[in-house]
Ligand code: ACO
């Protein structure tokens, strides 16, 4: 055996084992041979929140949390945000390479052609309550799409998989726009495949009764950059949900609906919504020190938009977003909550509590301010996250389902409940 091994001694038995190390990992199943006797199931590893467990091998996104590096297929996020477009990045993530201009034109055309949705989805959205959260509308409508494309169940067929990945990326923007319009009580705008992905989305969201709505180019580009920044982020909570649901060979609409459900939570994609609510609650720059005191004392909840499971230095996306903020505010006028956010960041970054715990602003700390300045209500913020993340979800799903190592996800547990006990009839219970 090479020296790429780990030697473990089980002090319960005195036995020593040599476990291979592959790509910096030991395989959890190799621990199974470590047993105290024939009745022992074998050693398990316990990691309830996946703090130190790799659940897949992936070629899509690389993050170095200590150095603040984020790469899609090897390309730094800063370069993509500066030079690329959302659909070009979508092509890159979904196919592994940057497209030629011909490939990009074909991809753009295909995606934009697929933005139309069945009229029955419109009916489904209309049937939901007027004040339903747009994320619950999105999750329901995306799950319902599986009924419109029953062949999507053929997950072993790569052509069918590819067709449904394209549909998901395209249609999620239309459904998201419908979710927004429904919550406002406005008529739905049909998609226009002559526009860019973000231009079309903004038009579906914003157009009222003008014959032609033209989004402001700075805002269209700002949204495009935000979509690039959110397109994938390796094995986060929602992506893991997509992989786990997809591992049962459920169709990709059902798997992505699970991803949307996971993204809904305030510790994940709901954080940008929570940031805005927090800033409003603080209300004024002068209240910031008291708010920070409460957070530290555990009285005021968390400082939303701060901290990340992986980034322990800074979130490279947050730095890009701060620049986009300035460009957007030049068009829309400054969001008055910005001063509170800047003051929160200033105080937190020099406070021992946050420094010691390596808590820095994450992607969501400033994105909500931009979305609000662009006229989106806070409950649509997570939806604006889900649209671009669909690119990551479908790519990770494809990678999982086409992997030779693909198996249904099924963790183990540490059972701490009762041992065997006999049933007691109702009359004998007291
Ligand atoms: N405000 C105050 N304290 C915090 C925060 C925060 N935002 N985040 C973590 N901490 C503290 C915890 O209380 C804990 O302190 P302790 O050691 O004294 O108990 C310590 O920092 C470590 O926190 P964990 O919860 O163990 O860190 P974890 O990696 O599990 O959580 C998470 C990461 C969920 C992002 C967390 O930092 C958080 O809740 N942040 C606020 C919500 C948020 O912005 N989420 C968006 C994440 S980015 C995204 O999903 C796109």
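The values are calculated or read from the model by the stated rules, or taken from the named source; none is laboratory data. What you see is a predicted model; the values in this text were computed from it and never measured. Cβ placement follows ideal geometry from the backbone for every residue including glycine, while neighbour counts extend to all protein chains displayed.
Table for the structure above
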| quantity | calculated |
| --- | --- |
| Residue tally, condition part of a helix (DSSP H, G or I), within 16 Å of the ligand (Cβ to nearest atom) and surrounded by fewer than 21 Cβ atoms within 10 Å (Cβ to Cβ), over the range 231-244 | 2 |
| Selected residue (only one of 160, 117 is in a helix (DSSP H, G or I) and within 27 Å of residue 93 (Cβ to Cβ)) | 160 |
| Single residue of the range 266-285 satisfying the filter (surrounded by 16 or more Cβ atoms within 10 Å (Cβ to Cβ) and under 16 Å from the mean Cα position of the chain (by Cα)) that is farthest from the ligand (Cβ to nearest atom) | 273 |
| Qualifying residue in the range 366-386 (condition: surrounded by 20 or more Cβ atoms within 10 Å (Cβ to Cβ), part of a loop (DSSP other than H, G, I, E, B) and touching a strand residue (DSSP E or B) at 6+ places or on another chain (Cβ under 8 Å)) | no |
| Test for residue 247: is it over 27 Å from residue 352 (Cβ atoms), out of contact with any strand residue (DSSP E or B) (no Cβ under 6 Å at 6 or more places or on another chain), at pLDDT 95 or above and within 16 Å of the ligand (Cβ to nearest atom) | no |
| Residue list for the range 194-218, restricted to those being in a loop (DSSP other than H, G, I, E, B) and surrounded by 15 or more Cβ atoms within 10 Å (Cβ to Cβ) | 195, 196, 207, 213, 215 |
| Residues satisfying the stated conditions in the range 288-314, i.e. assigned to a helix (DSSP H, G or I), touching a residue at least 12 places away in the same chain (Cβ under 8 Å) and more than 9 Å from the ligand (Cβ to nearest atom) | 288, 289, 291, 292 |
| Test result for residue 35, under 23 Å from residue 103 (Cβ atoms) and in contact with a strand residue (DSSP E or B) (Cβ under 9 Å, 6 or more places away or on another chain) | no |
| Verdict on residue 143 being in a helix (DSSP H, G or I), under 25 Å from residue 410 (Cβ atoms) and in contact with a helix residue (DSSP H, G or I) (Cβ under 8 Å, 6 or more places away or on another chain) | yes |
| Output for the range 27-67, where each listed residue is under 18 Å from the mean Cα position of the chain (by Cα) and part of a loop (DSSP other than H, G, I, E, B) | 49, 50, 51, 54, 55, 56, 58, 59, 60, 65 |
| Breaking point among (1) in contact with a helix residue (DSSP H, G or I) (Cβ under 8 Å, 6 or more places away or on another chain); (2) modelled with pLDDT of 90 or more; (3) under 16 Å from residue 345 (Cα atoms); (4) more than 12 Å from the ligand (Cβ to nearest atom), for residue 321 | (4) |
| Residue in the range 336-343 that is modelled with pLDDT under 95, in contact with a helix residue (DSSP H, G or I) (Cβ under 7 Å, 6 or more places away or on another chain), farther than 30 Å from residue 66 by Cβ and surrounded by 11 or more Cβ atoms within 10 Å (Cβ to Cβ) present | yes |
| Residue 228 assigned to a helix (DSSP H, G or I), in contact with a strand residue (DSSP E or B) (Cβ under 9 Å, 6 or more places away or on another chain), within 16 Å of the ligand (Cβ to nearest atom) and within 30 Å of residue 59 (Cα to Cα) | yes |
